[in-house]
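Trainee: This is the structure, below, for whatever I ask next.
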Amino acid sequence: MSDLFACAEEFLEGGLIIHERMRAVDLNAQTLGVSGLQLMESAGRALAESVLAFQPKTVLILCGRGNNGGDGMVAARYLQRGVDTTVCYLDAGTRSPSCARQLTALRGCRVTLHPFVSTDDLRALSSHFDSADVIVDALLGTGVSGKPKEPLSTCVAMANATRAKIIAADIPTPGMRADRICAFHRPKVTGSVVADIGIPIEAEICTGPGDLTLIPVRRKNSHKGAGGEVLVIGGGPYQGAPYLAGIGALRAGADIVRIASPVFEPVPDLIYERLEGNRISGEHLERLTGLADRADVVVCGNGLGTESHEVVLAVAPHCKKAVFDADALRIPLPKAAGETVYTPHAGEFERISGIRLSDDAMDVCGRARMARAAAAKSGGTILLKGPVDIITDGKRVRFNRTGDPAMSVGGTGDVLAGVCGALLCHLPAFEASCIAAYAVGRAGECVAAERGEGMLASDLAGRIPKELFRSEKKNG
């Protein structure tokens, strides 16, 4: 990773960060050894420094029940010497574990604490609002939209009516004015002042378990098909490849997977759409376009051979979304009507771009630059497979370090294409590709630990659910 860290700044995303992405980065940082409490401590200290810039004599900190409230409580600890500090905190409902720990710590500090559960409680505290030089808004934080309910709406109105400077912790509570927004790590709204809270750079430029939090949770009343319908087009010269892709899609949550192929494999979980002959040809075009029209995502190219590219090009515009792999990766590149993912290894990348990546002198950063340029030209997302996978949509770049040398066995790339296809049913192409690369690599590591170089691609597929739907996703 030393080569990657040397040029990491080049691949950091700029601009605003959305709540879902920030949550993923936070969890990735925690996986790398920086605890949530450490991040909160850094955020709270930065918030306190922002308050001190106004040289206040009295400070009022308004805290909610979540981690944003915990940030405010940490700030209060750092303000207890030299500043008259009062903390008003919402005392109704469940408090986040980290916020609860910060409140416990505050009880031993030179800070005035006032819980509130109602508008009457707040009105009784009006003198603290009126006398404050600075008010800190740590009520709700990211991930919240819409007008706050009582008693928070009254809290917002009382703060807005004062002459105090108001500093928002990370993001203003809806309706609250803000003279300064102290954003942690990356800005969430325009006009923010950003504070570095010590998140490892790897947490942002590499995939990690935090990315799993982006996978939508299936509703309890979901019906068959809600997980997505995937069509796999392939087979002929190589009979197992489309079925491995299909199993990968099922294991990644797709409900219905059809295999359109000249070759039948007895896999009862997959729906076989028979294509007559030994290879896919023009005579199958009407059938394939009809199947593509009904599918949420098409995965194409697995085991296809070299003689069916004209059919691939003709079917591509009928695909709402598509993953093109293996033998579908030829010039001219096929492109779906909607989002498109290409999953080449180094040799296939050279075939579609003319750029040779097998030179040992080209480090991972050089490969990333080449892949980014190729993705921008193609208008799709490229998942470039290798010792370090590179995922790029022509603008953003992400690296995946999971995987094992035992995954060089045939068929693992087909499983990856299927997993990516299933995720693409519900996620944008870039995010689906990042998660697929991470989860398949993690599955490979676990299978290799059990079976070493005796890994089968079908073993890999069987491990996918444990990696995609692990507890980090639910608790993120």
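Trainee: If packing is taken as the average number of other Cβ atoms within 10 Å across a peptide's residues, how do 454-464, 5-15, 125-135 rank, most packed first?
Mentor: Final packing ranking: 454-464, 125-135, 5-15.
Trainee: Limiting things to C-alpha atoms, what are the Rg and the maximum Cα-Cα separation (Dmax) for the chain, in angstroms?
Mentor: Cα only, the chain: 26.4, 85 Å (Rg, Dmax).
Trainee: Taking the alpha-carbon distance from Lys57 and a cut-off under 19 Å, which lysines remain once sequence neighbours fewer than 8 residues away in the same chain are dropped?
Mentor: Once the sequence-local lysines are set aside, what remains near Lys57 is Lys165.
Trainee: Here is a further query. So how far, in whole Å, is the C-alpha centre of the stretch 146-213 from the one of the stretch 353-415?
Mentor: 35 Å
Trainee: Considering the options Pro172, Phe129, Val51, tell which one lies farthest towards the positive end of the dipole of the stretch 37-185, charges being +1 on Lys and Arg and -1 on Asp and Glu at the Cβ, about the Cα centre.
Mentor: Comparing the listed Cα positions along the dipole, Val51 ranks first.
Trainee: Would you calculate, for the chain, the mean residue ellipticity at 222 nm contributed by helices, counting each DSSP H stretch of 4 or more residues as -39,500 (n - 2.57) and dividing by all residues, to the nearest 500?
Mentor: Value at 222 nm, helices only, nearest 500: -11500 deg cm²/dmol.
Trainee: Quick check on the chain: of the DSSP beta bridges with both residues there, what percent are antiparallel, nearest 5%?
Mentor: Rounded to the nearest five, the antiparallel share is 15 percent.
Trainee: Would you be so kind as to identify which of Ile197, Gln239, Thr392 lies farthest towards the positive end of the dipole of the chain, taking Lys and Arg as +1 and Asp and Glu as -1 on Cβ and the Cα centre as origin?
Mentor: Positive-end residue among those listed: Ile197.
Trainee: Leaving out ligands, DNA and RNA, what percent of the accessible area of the stretch 234-305 is carbon and sulfur, probe 1.4 Å?
Mentor: Carbon and sulfur atoms account for 46 percent of the accessible area of the stretch 234-305.
Trainee: Further, regarding this structure: With charges set only on the Cβ (+1 for Lys and Arg, -1 for Asp and Glu), what does the dipole of the chain come to about its Cα centre, in debye to the nearest 20?
Mentor: 1460 debye
Trainee: For the stretch 105-198, give the magnitude of the charge dipole about the Cα centre (Cβ charges: +1 Lys/Arg, -1 Asp/Glu; no others), in debye to the nearest 20.
Mentor: 120 debye
Trainee: If we sort 262-270, 422-430 on the protection proxy, mean other Cβ atoms within 10 Å, highest first, what's the order?
Mentor: So the order, starting with the most tightly packed, is 422-430, 262-270.
Trainee: May I ask you to derive the FRET efficiency for Ala6 and Ile355 from their Cβ-Cβ distance with R0 = 25 Å, giving the value to the nearest 0.05?
Mentor: Working from the Cβ atoms, E equals 0.70.
Trainee: Can you give the charge dipole size of the stretch 338-476 about its Cα centre, rounded to the nearest 20 debye, using +1 on the beta carbon of Lys and Arg and -1 on the beta carbon of Asp and Glu?
Mentor: 460 debye
Trainee: Would you grab the residues whose amide H sits under 5 Å from the one on Ile166? Only those 5+ places off in sequence or on another chain, please, with H modelled 1.01 Å from N.
Mentor: Those qualifying (amide H under 5 Å, at least 5 residues apart or on another chain) are Ile135, Asp179, Arg180.
Trainee: Another question about this same structure. Of Gly141, Ala336, Pro187, whose Cα points farthest to the positive end of the dipole of the chain (charges on the beta-carbon: +1 Lys, Arg; -1 Asp, Glu; origin at the Cα centre)?
Mentor: So the residue furthest toward the plus end is Gly141.
Trainee: When ranked by the protection proxy of mean other Cβ atoms within 10 Å per residue, highest first, what sequence do the peptides 76-83, 188-195, 393-400 form?
Mentor: Peptide ranking by packing, descending: 393-400, 76-83, 188-195.
Trainee: Another question, then. Give the long-range amide H neighbours of Ser261: residues separated by 5 or more places, or on another chain, with amide H under 5 Å away, using H modelled in the peptide plane at 1.01 Å from N.
Mentor: Those lying under 5 Å, H to H, from Ser261 are Glu273, Leu275.
Trainee: Can you list residues from other chains, or at least 5 along the same chain, whose modelled amide H is less than 5 Å from the amide H of Val87?
Mentor: Amide H neighbours of Val87: Ile61, Thr112, Leu113, His114.
Trainee: Here's a follow-up. What percent antiparallel are the DSSP beta bridges of the stretch 324-476, to the nearest 5?
Mentor: DSSP beta bridges in the stretch 324-476 are roughly 70 percent antiparallel.
Trainee: Which whole-Hz couplings ³J(HN,Hα) result when phi for each residue of the stretch 318-335 is put into the Karplus expression 6.51 cos²θ - 1.76 cosθ + 1.60, θ = phi - 60°, listed in order with x for Gly and Pro?
Mentor: Calculated HN-Hα couplings, in order: 8, 8, 4, 9, 8, 10, 9, 9, 6, 6, 7, 8, 9, 8, x, 5, x, 9 Hz.
The values are calculated or read from the model by the stated rules, or taken from the named source; none is laboratory data. Being a predicted model, the structure only gives us computed values, none of them experimental. No Cβ is skipped: glycine too gets one built from the backbone with ideal geometry, and neighbour counts run over all protein chains shown. Heads up: the accessible areas ignore ligands, DNA and RNA and are worked out on the full protein's heavy atoms, side chains in. Shrake-Rupley method; radii C 1.70, N 1.55, O 1.52, S 1.80 Å.
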